Amino acid sequence: MWAEVAGCEGSTASTRGPVTTTEWDGCVEGTAVRLVRVEGGGHVWFAPGLGEANGAVDATSAVTSFFFGPTGRSQ
């Protein structure tokens, strides 16, 4: 839905273990959309060393990047 709202054009997907990441680009005003889906993930916090998705996704880094950008500092 967010890719449609942002007017994105194409998408690419990659899978690592139970984690599938789909990314859309070509969105309006230079935005991008990313969907990270953990098959059978439930409601747990994903971090390196924890559970089935070990190393495939790090929830702390993803949330920090979302709010503060890739440098981890407020934009």
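Readers should treat all values here as calculations from the given coordinates under stated rules, not as data from a laboratory. Bear in mind that the values here come from a model prediction, so they are computed numbers and not experimental data. Ideal geometry is used to build each Cβ from the backbone, glycine not excepted, and the neighbour counts take in all protein chains shown.
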Given R₀ = 25 Å, FRET efficiency for residue 12-residue 64 by Cβ-Cβ distance, to 0.05?
0.60
So if a site counts as exposed when it's one of the GluC sites (Glu not before Pro), its DSSP state isn't H, G, I, E or B, and it has at most 16 other Cβ atoms within 10 Å, what's the longest stretch of the chain without one?
10-38
Quick check: residue separation of residue 29 and residue 44 times 0.36 nm, minus the Cα distance between them. What number comes out in nm?
2.1 nm
Cα-only Rg/Rh for the chain with Kirkwood Rh rounds to 1.00
